[in-house]
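Note sheet for the following structure.
The values are calculated or read from the model by the stated rules, or taken from the named source; none is laboratory data. Keep in mind that what you see is a predicted model, and the values were worked out from it rather than measured. We place every Cβ from the backbone using ideal geometry, glycine too, and count neighbours over all the protein chains shown. When the accessible area is computed, the model is the full protein with side chains, heavy atoms only, and any ligands, DNA or RNA have been set aside. Shrake-Rupley method; radii C 1.70, N 1.55, O 1.52, S 1.80 Å.
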Amino acid sequence: MKKAARGLCCGLAVLSVFGFAACSEGEDGAIKLTVWVSEADQAFAQSVVEDFKKEHPDKKYQFVIDIQGENDVATRVLNDVENAADVYSCINDQLPKLINGDGLARIAGERLNRVQAANSEGAMESVTISVGGESGVYGMPYTDNSFFLYYNKSVLSEEDVQSFDGILSKCSSTKQFAFPMTDGWYTSSFYFGKDLGYSVSYDKDLAETSISCDFGNTTGEAVTQAMWSYVKDNRLKADVNDSKIVAGFNDGSIVAAVSGIWNKTTIEKYLGENFAAAKLPTYTLNKGTAEEEQVQLVSFAGYKLMGVNNYSRYKTDAMDFAEFYTNKENQIKHFKVRGFVPTDEEARMDEAVQADVCAKAITQQLQFSKTQINVPSTLWVPMEGLGRAMVTGAQGGGFDLKAQLRACVSAIEK
């Protein structure tokens, strides 16, 4: 569920007994709509369906709710676009691929005006794509999809968690700080903090034609050195994923971790009254030199959205449902059920959202974020490889920083 080619609600993609039904007839002349959501959102989606039916008593609807991991939505839609779901949840950086495959309908007219008026500027930026030189909106956002810091406040203070070094000062080899150093979605934040990045050019069909990346310059080498120093520190758990993070908070072996909202419910259950969250910390660059400085980690800011299949037989009804699913009231309900921070500006002002520690952390982190659009498709694997090389090196294999960084950037560029 976290990102394209990965995912923030990584529910297993399975077909319902009804099969792919975007263009099939409903029973007794009903309008049949197939909706794809993550496994964790299945119950919520079903409740939205029931409310939607009550809101439209003049029409007869038949809904099929299928489980579909958001990380694989674009691949599955484009596998058979004419018979894929009518409405589906996905992450915004899958939009170019979906648009290129004609699997996503553009939003227009009064509906577009309503969606634009309701949602935050960043959310709307994430679903606005230029196709053939013409800018258009291709999805209805409903939550931010970024990452922040969870921590045990019986071990760490609000002051401690402002910096990487402050966190580590309260950690040990048996009570660690977990940061997924083998995942480029997270580790890019080190480079973004020093205004490093990439540039992607596209042709008229939104296919990548060229990619450049400046992670390998002198500043990038210094950033990589800082990362390598942290990976070598046994107080940092670098080779970590969601399941290890959750397990670590459960058994006490992890006292702080960088992750996203999808882990909130479980981590809060394990930490209880010691549950706390904050924006990402700063890290130390050029440590021990005259150029030493604290650099704020800058996260990806992705967004989840509901998209409508361009081939839906009932496109207007599918649009109506997608808009209903993502409206103010349902964004607040979604927050209460899953902890998802709304993109709807009025929903964000809801008392429960304003009081939530994770919502506050995300709001603070969004001030230090990079909207997840125009991301190179080649970014993830090389960045994972660079992190893996550090982890292996920390275990005694050595790490040739310049050579590994050069290989990583070469693999990203096109």
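Taking all protein chains together and a probe of 1.4 Å, list 183, 205, 242 from the most accessible to the least accessible. Don't skip to the end; give the middle numbers.
Working: 183 20, 205 75, 242 40 Å².
Descending accessible area places them as 205, 242, 183.
Treating only the Cβ atoms of Lys and Arg (+1) and Asp and Glu (-1) as charged, compute the dipole magnitude of segment 305-414 about its Cα centre; round to the nearest 20 debye. Kindly include the intermediate steps, with their values, before the conclusion.
Values: 13 positive and 13 negative charges, 104 e Å.
The dipole of segment 305-414 has a size of about 500 debye.
Only Lys, Arg, Asp and Glu count, each charged at its Cβ (+1, +1, -1, -1), so figure out the dipole size of segment 219-303 about its Cα centre, rounded to 20 debye.
Numbers: 8 positive and 10 negative charges, 44 e Å.
Its charge dipole is roughly 220 debye.
Among all the aspartates and glutamates, which ones have a C-alpha under 20 Å from residue 53's C-alpha, if same-chain residues fewer than 8 places away are not counted?
Within reach: 25, 27, 28, 41, 66, 86, 317, 320, 323, 329.
Per residue, how large is the accessible surface of segment 186-344? Use a 1.4 angstrom probe and give square angstrom. It would help to have the intermediate numbers written out before the result.
On the way: 5870 Å² over 159 residues.
I get 37 Å² per residue for segment 186-344.
Taking 0.36 nm per intervening residue step and subtracting the Cα-Cα distance, what contour gain separates residue 82 from residue 244 on full extension? Walk me through the intermediate numbers first.
Values: separation 162, 0.36 × 162 = 58.32 nm, distance 3.91 nm.
Taking 0.36 nm per residue and subtracting the Cα distance, the gain is 54.4 nm.
Once phi is turned into θ = phi - 60°, what whole-Hz ³J(HN,Hα) does the Karplus curve with 6.51, -1.76 and 1.60 give for every residue of segment 301-313, x standing for Gly and Pro?
10, x, 9, 8, 8, 9, x, 10, 5, 4, 9, 4, 5
What percent does the relative contact order of segment 42-192 come to when contacts are Cα pairs within less than 8 Å and at least six residues apart? Working shown, then result.
Values: 93 pairs, mean separation 17.6, N = 151.
The normalised contact order for segment 42-192 reaches 12 percent.
Between residue 411 and residue 131, what is the FRET efficiency for a Förster distance of 35 Å, r being their Cβ-Cβ separation, to the nearest 0.05?
0.80
Can you pull the percent of Cα pairs in segment 171-213 with separation above 16 Å?
On the way: 550 of 903 pairs.
Result: 61 percent of Cα pairs exceed 16 Å.
Could you tell me which residue out of 389, 113, 94 lies farthest along the dipole of the chain toward its positive end? Charges go on the beta carbon: Lys and Arg +1, Asp and Glu -1, centred on the Cα centre.
It is 389.
Taking only the Cα atoms of the chain, how large is their convex hull per residue, in Å³? Walk me through the numbers before you get to the answer.
Numbers: hull volume 58.4 nm³, N = 414.
Taking the convex hull of the Cα positions in the chain, it is 141 Å³ per residue.
Taking amide hydrogens as modeled 1.01 Å from N in the peptide plane, which residues meet the under 5 Å criterion relative to residue 34, leaving out close sequence neighbours?
Those qualifying (amide H under 5 Å, at least 5 residues apart or on another chain) are 64, 86, 87.
About the Cα centre, and with charges only on the beta carbon of Lys, Arg (+1) and Asp, Glu (-1), how big is the dipole of segment 178-277? Nearest 20 debye, please. Write out the running numbers ahead of the final one.
Values: 8 positive and 13 negative charges, 69 e Å.
The calculation lands at about 340 debye.
Taking the dipole about the Cα centre of segment 258-403, with the C-beta of Lys and Arg at +1 and of Asp and Glu at -1, give me whichever of 271, 325, 401 is farthest to the positive side.
Final value for the positive-end residue is 401.
As a test of the formula, what do you get for the chain when each DSSP H run with n ≥ 4 contributes -39,500 (n - 2.57) and the sum is divided by the residue count, at 222 nm and rounded to the nearest 500 deg cm²/dmol?
Working: 17 runs with 154 residues, N = 414.
Calculated at 222 nm, the ellipticity per residue is -10500 deg cm²/dmol.
Based on the Cβ-Cβ distance of residue 159 and residue 400, what FRET efficiency does E = 1/(1 + (r/R0)^6) give at R0 = 56 Å, to the nearest 0.05?
Once rounded, the FRET efficiency stands at 0.90.
Would you check segment 287-414 for Lys pairs whose C-alpha atoms are within less than 29 Å, ignoring same-chain pairs closer than 8 in sequence, and give me the count?
Total qualifying Lys-Lys pairs in segment 287-414 comes to 22.
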